[in-house]
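Remarks on the structure that follows.
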Amino acid sequence: MQEDEEEEKPGDKYEGEVKMGIRDGQGKYTWSNGSFYEGSYVEGKKHGEGKMKYPDGSVYVGDWKDDAMDGYGTYTYTSGDTYMGEFRDGKKHGKGNYLHIASKSQYVGTFKEGNFDVGKWVLMDNTTYDGDSEVLKVSPKAYDGRVKVGEYENFRVTNDYVTYPLHGHSEELPTPPPPEDPAA
């Protein structure tokens with residue numbers, strides 16, 4: 001999620017407010033490769049609300065602070081995957097939802113320094129995979145009703161039909177709630 005440097009180069013274009021020769025206020029900076037940032041600037045830096053289209057086609061809409069994604073925003077990857085939630089210093093950090101298009105699943109939980117922290121994956125059939133970052137650091141795969149074999153700690157798998165081991169024993173677990181909205 002890196003943007004191009006904002007040092008003006010041939011073919012780049014800026015339209016917007018300027019104070020003492022520095023971008024300050026509302027404006028749009030367009031790079032020669034087609035990527036752009038449109039939003040608020042403070043003393044030459046992206047700061048406040050803005051939209052950034054990156055060279056690879058991914059898009060971020062949300063809060064900025066000192067040229068970095070910071071606060072609440074939505075990042076849409078070129079694959080269609082989408083993260084909605086909190087950012088800090090340009091990384092996913094805090095509460096958020098990550099929609100994984102290929103597996104038709106969603107991660108709901110917290111992120112730390114850009115990585116999964118504690119949360120759960122909710123699959124299309126309402127199966128949930130709960131755990132901490134050591135278990136959930138890899139994106140889920142579509143299991144087509146099969147259970148991934150292995151030993152898990154701080155982890156549970158459940159759906160409406162089957163109860164799976166939790167710390168070496170079985171227990172009845174309630175039906176998982178619908179996916180959460182971090183803005184709520």
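Can you spot a residue in region 126-136 that is in contact with a Gly (Cβ under 9 Å, 6 or more places away or on another chain) and within 22 Å of GLU8 (Cα to Cα)?
Within region 126-136, none of the residues are in contact with a Gly (Cβ under 9 Å, 6 or more places away or on another chain) and within 22 Å of GLU8 (Cα to Cα).
Quick one: which residue in VAL118, VAL61 is among the aliphatic types (A, V, I, L, M) and not assigned by TED's automatic domain parsing to the domain that holds SER35?
VAL118
Of the numbered conditions (1) in contact with a Phe, Trp or Tyr (Cβ under 8 Å, 6 or more places away or on another chain); (2) farther than 30 Å from TYR129 by Cα; (3) not hydrophobic (A, V, I, L, M, F, W, C), GLY34 satisfies every one except a single condition; which is it?
The one condition GLY34 does not meet is (1).
When only residues in region 79-120 that are part of a loop (DSSP other than H, G, I, E, B) and more than 21 Å from LYS46 (Cβ to Cβ) count, which is nearest to the chain's Cα centre (by Cα)?
Among residues in region 79-120 that are part of a loop (DSSP other than H, G, I, E, B) and more than 21 Å from LYS46 (Cβ to Cβ), the one nearest to the chain's Cα centre (by Cα) is ASP81.
Could you list, in sequence order, the residues of region 66-82 that are surrounded by fewer than 20 Cβ atoms within 10 Å (Cβ to Cβ) and either among the aliphatic types (A, V, I, L, M) or in contact with a strand residue (DSSP E or B) (Cβ under 6 Å, 6 or more places away or on another chain) (or both)?
Across region 66-82, the qualifying residues are ASP66, ASP67, ALA68, GLY71, TYR72, THR74, THR76, ASP81, THR82.
Exactly one of (1) modelled with pLDDT under 95; (2) surrounded by 15 or more Cβ atoms within 10 Å (Cβ to Cβ) is unmet by GLU86. Its number?
For GLU86, the exception is condition (1).
Report yes if TYR129 is among the hydroxyl-bearing types (Ser, Thr, Tyr), touching a residue at least 24 places away in the same chain (Cβ under 8 Å) and crowded, with 20+ Cβ neighbours inside 10 Å, otherwise no.
Taking the combined requirement at face value, the residue satisfies it.
Taking GLU3 as meeting all but one of (1) modelled with pLDDT of 95 or more; (2) crowded, with 18+ Cβ neighbours inside 10 Å, write down the number of the exception.
The failed condition is (1).
So for region 28-39 (the condition being of a type in the set (Gly, Ala, Ser) and closer than 30 Å to ASP117 by Cα), does at least one residue qualify?
Among the residues of region 28-39, not one is of a type in the set (Gly, Ala, Ser) and closer than 30 Å to ASP117 by Cα, which makes the answer no.
The values are calculated or read from the model by the stated rules, or taken from the named source; none is laboratory data. No experiment lies behind these values; they were computed from the predicted model shown. A quick note on method: Cβ atoms are made from the backbone with ideal geometry, for glycine too, and the neighbour counts reach across all protein chains shown.
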